[in-house]
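> Got a structure here, written out as structure tokens. Questions coming.
The values are calculated or read from the model by the stated rules, or taken from the named source; none is laboratory data. Model, not experiment: these values are computed from the prediction. Glycine gets a Cβ as well: all are built from the backbone with ideal geometry, and neighbour counts include every protein chain shown.
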Amino acid sequence: MKKLLPLLLFSFLFQSCFSYKSVNFNDIRNKKKQKFKVEKLDKTNAKGRLVSIDENTMILKNKGKSQTISKEEIYDVKVRKFSIIKSAGGVLGTYGIIVLVLPVILVIALLI
């Protein structure tokens with residue numbers, strides 16, 4: 001039981017509660033410092049927070065470094081969105097593992 005709480009916390013903290021949704025470059029507004037994932041035409045990716053955007057370029061900041069990306073280089077732009085379904089699924093899945101699987105393992109361990 002001592003290891004139950006760290007297991008629960010570990011699985012809750014490291015689950016993916018976010019997903020990326022494709023957006024049109026012209027619809028992006030610089031208001032909430034959103035996180036973006038940009039797929040370029042040369043098959044490289046850039047991730048970061050939006051610093052500024054105009055009609056031809058966007059500037060992302062990731063780990064203290066700024067990246068300027070022109071509109072002509074961009075293949076796809078995705079914005080990070082919080083997903084309540086993934087969060088709830090992760091919590092329920094963790095709870096299910098703890099309630100259903102852990103007792104079975106403990107019983108088997110006691111029988112051996």
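> If you go through the range 24-53 one residue at a time, how many are modelled with pLDDT under 90, surrounded by fewer than 16 Cβ atoms within 10 Å (Cβ to Cβ) and within 18 Å of the chain's Cα centre (by Cα)?
Here the count works out to 3.
> Okay, next question. Output the residues belonging to the range 54-65 that are surrounded by 12 or more Cβ atoms within 10 Å (Cβ to Cβ) and touching a residue at least 12 places away in the same chain (Cβ under 8 Å).
If the condition is that a residue be surrounded by 12 or more Cβ atoms within 10 Å (Cβ to Cβ) and touching a residue at least 12 places away in the same chain (Cβ under 8 Å), then 57, 58, 60, 61, 62 are the ones that fit.
> Taking only the range 59-96 into account, find how many residues are part of a strand (DSSP E or B) and modelled with pLDDT of 70 or more.
Count: 18.
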